[in-house]
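Worksheet: one structure, shown below.
Only the coordinates and a few stated rules stand behind these numbers; no lab work does. What you see is a predicted model; the values in this text were computed from it and never measured. Here the Cβ positions follow ideal geometry from the backbone for every residue, glycine too, while neighbour counts run over all protein chains shown.
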Amino acid sequence: MKEIVSFINRRHQLIQHMEDGVAIIPTAPEAIRNRDSHYLYRFDSYFYYLTGFTEPESVLLLVAGEKPRSVLFCRDKDIEREIWDGFRHGPEGAKEVFGVDEAYSISRLDELAPQLLANQPRLHYSLGADASWDARVTGWLNQVRAQVRGGVSAPAEIADVRLLLDEMRLFKSEGEIAIMRRAAEISSGAHRRAMRATKPGSTEYEIEAELIHEFRRHGAQSPAYHSIVAGGANACVLHYVFNDAPLRDGDLLLIDAGCELDGYASDITRTFPVNGKFSSPQRDLYELVLASQAAAIEAVRPGNHWNAPHEAALQVLVRGFIDFGLCKGTVDAVLESGDYRRFYMHRTGHWLGLDVHDAGEYKKNGEWRLLEPGMALTVEPGCYVRPADNVPEHYWNIGIRIEDDAVVTQQGCDIITQAAPKSVADIEALMAS
Ligand code: GLY
Ligand code: MN
Ligand code: MN
């Protein structure tokens, strides 16, 4: 049972931040896969954050000012449709269960939205996020403007409601962190399951199936993003999606996979040997990435700026790239020239929450923002070596990433994905058992 009160509180908070005007927050449209088959429906994260309501064809309007209130538009009860597609709350049920002040049929939206916008100074809306909603909202504004000779005024300003919501979403409540911990625990179990299942001759898709099995058997609704199960050279393709190759003795397997539980993402990467034993060159680079991740995690603490973990990881990685003959020169020179990007071309993390790459600004007034308790982020350095003349051949086609999920605490951070093994000894022990 969801804690409806936290959704109600978020609506109150947003109304306070808005100060005046009306906010319009539609949920996501359903998406057709082909003909009359749909993709599994996923609500819009902003809408869900404020309602907890997961049905498609729904819109939330929030009115700030003297008479603040929340108004939900949703699908009507429809026994015929419910026989085919399942339960619908209907406006009355939704009002009762989700604690909104008013609820109406979605079929009345075009009639009631212009009334709610009349004489309001500001519209808070995510202009540009969806062209069809933009057109519809513009139509409502024009309807209000057309009443000007009757003394009705239309909002003079449009503010991006996402800016207010992004800042709220950046700080996770205890309730949100509890869900994220559970998602992380399920995903960690899936990575352990994948390690146990992997052997030379398995295929990437068999291992992907193990991940999905573990996600679903614990009630996670879906993967939070398409799982990357990349053996050997495939690990050097950062967004590898095919997952269709055989796994070869002597190769590494990189798995980037995490479940979504009750709307919240987890995001874990582990890299391990298909045959259970790291070779010497694989171990060189693996220990290097692991050390860089430890340095980055050490830098995840309140008062440090967003980029501090990335900078800490880079110091360690670049030192190692030079020691292993991948880059030439001093650490400072390689950092300055950016030559390390041949082997490490992404950043060390991102905000994590309802979206895997979650809402929230990384800079404020042009400066990296400071980490504060309650923020959640990933820490995910890597190293990807494609074959090239000037690169030692024993490192060719090795791709490694190690990714954990962190919640910033008062003292430092809490790694909520610890249960997925990552030391060489722990991985080799698990795979031998
Ligand atoms: N799995 C997506 C990412 O690591 O950013
Ligand atoms: Mn990530
Ligand atoms: Mn990831």
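A few notes on this one:
- Pairs beyond 23 Å (Cα-Cα), from K67/K364; K67/K172; K277/K422; K328/K422: K67/K364; K67/K172; K328/K422
- With each label modelled as a point 7 angstrom along the Cα→C-beta vector, the H346-L238 pair spans 0.7 nm.
- Under a model in which nothing but the beta-carbon of Lys, Arg (+1) and Asp, Glu (-1) is charged, the stretch 1-53 shows a dipole of about 240 debye around its Cα centre.
- Normalised by the number of residues in the stretch 1-139, the mean separation of alpha-carbon contacts (under 8 Å, six or more apart) gives a relative contact order of 26 percent.
- Sites matching chymotrypsin sites (Phe, Trp or Tyr not before Pro) across the stretch 151-255 that sit in DSSP coil, with at most 14 neighbouring C-beta atoms within 10 Å: F242
- The stretch 311-433: relative contact order as a whole-number percent, Cα under 8 Å and 6+ apart: 18 percent
- Cα gyration tensor category, rounded, prolate or oblate, for the stretch 249-300 with a/c compared to 1.5: oblate
- Chain lengthening between L430 and D323 when straightened (0.36 nm per residue, less Cα-Cα): 35.5 nm
- Q115 paired with R136, simple spin-label distance in nm, labels 7 Å along Cα-to-beta-carbon: 1.8 nm
- Stretching the chain fully between E336 and L370 yields a gain of 9.8 nm (0.36 nm per residue, less the alpha carbon separation).
- DSSP-defined beta bridges in the stretch 1-129 - what % are antiparallel, rounded to 5: 65 percent
- Normalised contact order of the chain, rounded percent, pairs of Cα under 8 Å and 6 or more residues apart: 13 percent
- If R0 equals 41 Å, the separation of the Cβ atoms of D249 and N34 corresponds to a calculated FRET efficiency of about 0.60.
- Between helix 161-170 and the chain: long-axis angle, C-alpha atoms, 0 to 90°, nearest 10: 50 degrees
- Only the Cβ atoms of Lys and Arg (+1) and of Asp and Glu (-1) were treated as charged; on that basis the dipole of the stretch 1-123 about its Cα centre amounts to roughly 300 debye.
- The amide H of A103, built 1.01 Å from its N in the peptide plane, has L72 as neighbours under 5 Å, considering only residues 5 or more places off or on other chains.
- Helix axis angle, 174-197 relative to the chain longest principal axis, alpha carbon, degrees: 40 degrees
- C-alpha long axis of helix 131-145 to longest principal axis of the chain, angle in °: 30 degrees
- Residue among G349, A312, G338 farthest towards the positive dipole end of the stretch 311-372, charges placed on Cβ: G338
- Within a Gaussian network of the chain (alpha carbon springs, distance under 10 Å), most fluctuating of D339, D256, D405: D339
- H38 long-range amide H proximity, modeled H, under 5 Å: R33
- Gain on full stretching of the segment that runs from T409 to R149 - 0.36 nm per residue minus C-alpha separation: 88.0 nm
- Ordering A156, A131, H191 by Cα displacement along the dipole of the stretch 76-204 toward the positive end leaves H191 in first place; charges were set at the Cβ atoms of Lys, Arg (+1) and Asp, Glu (-1).
- Karplus (6.51, -1.76, 1.60) ³J(HN,Hα), θ = phi - 60°, over the stretch 66-71, in Hz, Gly and Pro reported as x: 5, 10, x, 6, 10, 10
- For the stretch 253-366, a/c is not less than 1.5, where a ≥ b ≥ c are the root eigenvalues of the C-alpha gyration tensor, and a/b does not top b/c. That puts it in the oblate class.
- Residues of the stretch 374-407 falling in the label zone of D166, defined by backbone nitrogen less than 16 Å from a point 7 Å along Cα to beta-carbon, are 376.
- Three-way shape label, the stretch 145-248, alpha-carbon gyration tensor, a/c 1.5: prolate
- Each residue of the stretch 374-381 was assigned a 3J(HN,Hα) from its phi angle through the Karplus curve 6.51 cos²θ - 1.76 cosθ + 1.60 (θ = phi - 60°); the sequence is x, 7, 10, 8, 9, 10, 9, x Hz, with glycine and proline shown as x.
- Using only Cα coordinates, the Kirkwood hydrodynamic radius of the chain works out to 23.9 Å.
- Proxy reagent accessibility, fewest Cβ within 10 Å first, across H12, H218: H12, H218
- GNM on the chain, alpha-carbon springs under 10 angstrom: the most fluctuating residue among N304, N234, N365 is N365.
- About the centre of its Cα atoms, the chain shows a dipole size close to 20 debye [charges on the beta carbon of Lys, Arg (+1) and Asp, Glu (-1) only; nearest 20 debye].
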